[in-house]
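Written out below as structure tokens is the structure these notes cover.
The values are calculated or read from the model by the stated rules, or taken from the named source; none is laboratory data. The model shown is predicted, which means the values in this text are computed figures rather than measured ones. A quick note on method: Cβ atoms are made from the backbone with ideal geometry, for glycine too, and the neighbour counts reach across all protein chains shown. The area values use the complete protein model at the heavy-atom level, side chains included, leaving out ligands, DNA and RNA. Shrake-Rupley method; radii C 1.70, N 1.55, O 1.52, S 1.80 Å.
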Amino acid sequence: MQAFVVPTATSRTIDELAWQERPVPTPGAGEVLIRTHAVGLNPVDYKVVEEGVAAWTFPHTLGLDVAGVVQQVGPGVTVFQPGQRVCGHGNLAVNGAFAESVVATAAALAPIPTGVSFEQAAGSLCAGLTAYQALFRKANLANVRTVLIHAGAGGVGSMALQLAKAVGKRVLTTVSAGKRAFVAPLHPDACLDYQQVDVTQEVRRLTAGHGVDLVVNTIGHPEEDLPRLAYNGQLVCVLDTPTQVDPAQALTVSNLDLGGAHRSGDPAQVADLGRMTADLLARVAQKQVDPLVTQILAPADLGVGLQRIKDHRVVGKLVVRFE
């Protein structure tokens, strides 16, 4: 089979990645073999190449998000059968999804609902699950009325915006002027152009001086969000967390690492990836959320797609379709 690989331990750039012939993997206990139909491209896909992963052997197959059809099930797998459409977010420490056939942990997978395409499923995973986990695992939404979601035009931000609106929250989002039109159909309650306004002042103005109840931070510099939070507010960070928090605000700060479930050694956390995926895809099928796939690439253009993501030349989601 053909796979898109990091050839050697010294290969640290997108230009060095290549398609190579690799053996078709065999599923072990608790695993399934998937015939790939579509994969989603994410910033983490090139970042792990540049940073390196100690657990890799080479050549290493890249890719985290796969949608396809079950070819074979390993020992102990009873929830999936050959011919079933499935998708899931994988473990970056092992060979991944950018290949014609992929081995995946069965517990982390979910069936693809009727009416959801392979491309939609693959495009929903990394960004969508990160947004889902931020809102429905890390945050307590019971007393949340207003949410600030950074980078509403980004993968995580756009999915978080849609999910928060679907559960009735008032959503403010940061977005540049050039991407405002992309975000507008998602119906945020306010778009804050971070290049033109003081975001903290605008948040205070729009919340009668109280601040927002929840911030989903996808951009870093989380300490800047502390004065934007209301008393008892919550801050969920995809990147860094603030080093100091004023106890008088009674804030809750959470860190999010979606793929860390695979490395946790806890089967319950891996299984929760599957549960989150199933619920997220149900919402896609019900048209509550849209992964906003803006371009479908051929496998030969996979590296080009990763470079475009790195160069910040992508709005929406890039997906690669396998024939």
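Based on what the data block shows, is Pro7 touching a helix residue (DSSP H, G or I) at 6+ places or on another chain (Cβ under 9 Å), surrounded by fewer than 18 Cβ atoms within 10 Å (Cβ to Cβ) and of a type outside the set (S, T, N, Q)?
Numbers: touching a helix residue (DSSP H, G or I) at 6+ places or on another chain (Cβ under 9 Å): yes; surrounded by fewer than 18 Cβ atoms within 10 Å (Cβ to Cβ): yes; of a type outside the set (S, T, N, Q): yes.
Considered against the rule, which asks whether it is touching a helix residue (DSSP H, G or I) at 6+ places or on another chain (Cβ under 9 Å), surrounded by fewer than 18 Cβ atoms within 10 Å (Cβ to Cβ) and of a type outside the set (S, T, N, Q), Pro7 comes out as yes.
For the stretch 128-164, give me the residue count where each residue is open to solvent by 10 Å² or more (accessible area, probe 1.4 Å), over 18 Å from the mean Cα position of the chain (by Cα) and closer than 17 Å to Ala190 by Cα.
Counting residues in the stretch 128-164 that are open to solvent by 10 Å² or more (accessible area, probe 1.4 Å), over 18 Å from the mean Cα position of the chain (by Cα) and closer than 17 Å to Ala190 by Cα gives 2.
Looking at Gly30, Gly123, Gly74 in this structure, which one is in contact with a Lys or Arg (Cβ under 7 Å, 6 or more places away or on another chain) and among the small types (Gly, Ala, Ser)? Steps first, answer last, please.
Details: Gly30 fails: in contact with a Lys or Arg (Cβ under 7 Å, 6 or more places away or on another chain); Gly74 fails: in contact with a Lys or Arg (Cβ under 7 Å, 6 or more places away or on another chain).
Criteria check complete, one pass: Gly123.
Among the residues of the stretch 288-309, is any under 20 Å from Tyr132 (Cβ atoms) and exposed (fewer than 15 other Cβ atoms within 10 Å of the Cβ)?
From the stretch 288-309, those under 20 Å from Tyr132 (Cβ atoms) are 288-293; that's our starting set.
Checking which are exposed (fewer than 15 other Cβ atoms within 10 Å of the Cβ) leaves us with 288.
Within the stretch 288-309 (the criterion being under 20 Å from Tyr132 (Cβ atoms) and exposed (fewer than 15 other Cβ atoms within 10 Å of the Cβ)), the answer is yes, since at least one residue qualifies.
For residues in the stretch 230-287 being in contact with an Asp or Glu (Cβ under 8 Å, 6 or more places away or on another chain) and open to solvent by less than 30 Å² (accessible area, probe 1.4 Å), which is nearest to Gln120 (Cα to Cα)? Write out each step before concluding.
At the first step, the residues of the stretch 230-287 found to be in contact with an Asp or Glu (Cβ under 8 Å, 6 or more places away or on another chain) are 230, 232-235, 242-244, 261, 284.
Cutting the leftovers down to open to solvent by less than 30 Å² (accessible area, probe 1.4 Å) gives us 230, 233-235, 242, 261, 284.
Details: Ala230: 36, Gly233: 33, Gln234: 30, Leu235: 29, Pro242: 34, Ala261: 23, Val284: 8 Å.
It comes out as Val284.
Is the stretch 94-101 home to any residue that is closer than 13 Å to Asp65 by Cβ, of a type in the set (D, E, K, R) and in contact (Cβ under 8 Å) with a residue 12 or more places away in the chain? Please lay out each step first, then the result.
Start the filter on the stretch 94-101 by keeping residues that are closer than 13 Å to Asp65 by Cβ, which leaves 96-99.
Applying the additional criterion that residues be of a type in the set (D, E, K, R) yields none.
Checking the stretch 94-101: not a single residue is closer than 13 Å to Asp65 by Cβ, of a type in the set (D, E, K, R) and in contact (Cβ under 8 Å) with a residue 12 or more places away in the chain.
Considering only residues that are of a type in the set (Asp, Glu) and touching a strand residue (DSSP E or B) at 6+ places or on another chain (Cβ under 8 Å), look in the stretch 13-61 and name the one that is most open to solvent (accessible area, probe 1.4 Å). First the steps, then the outcome.
Filtering the stretch 13-61 down to residues of a type in the set (Asp, Glu) leaves 15-16, 21, 31, 45, 50-51.
So of that shortlist, the ones also touching a strand residue (DSSP E or B) at 6+ places or on another chain (Cβ under 8 Å) come out as 16, 21, 31.
On the way: Glu16: 74, Glu21: 118, Glu31: 54 Å².
Looking at the filtered set, the residue picked out is Glu21.
Only residues in the stretch 161-190 that are within 18 Å of Thr207 (Cα to Cα) count as the first member; pair them with residues that are assigned to a strand (DSSP E or B) and open to solvent by 70 Å² or more (accessible area, probe 1.4 Å), Cβ under 7 angstrom, at least 6 apart or cross-chain, and list the lot.
Filtered contacts from the stretch 161-190: Asp189/Arg170.
Kindly check whether there is at least one residue in the stretch 306-322 that is modelled with pLDDT of 95 or more and within 30 Å of Leu206 (Cβ to Cβ).
At the first step, the residues of the stretch 306-322 found to be modelled with pLDDT of 95 or more are 306-311, 317-322.
Okay, now just the ones that are also within 30 Å of Leu206 (Cβ to Cβ), so 317.
Checked the stretch 306-322: at least one residue is modelled with pLDDT of 95 or more and within 30 Å of Leu206 (Cβ to Cβ).
Exactly one condition in (1) surrounded by fewer than 21 Cβ atoms within 10 Å (Cβ to Cβ); (2) among the polar types (S, T, N, Q); (3) part of a helix (DSSP H, G or I) is not met by Thr114; state its number.
For Thr114, the failing item is (3).
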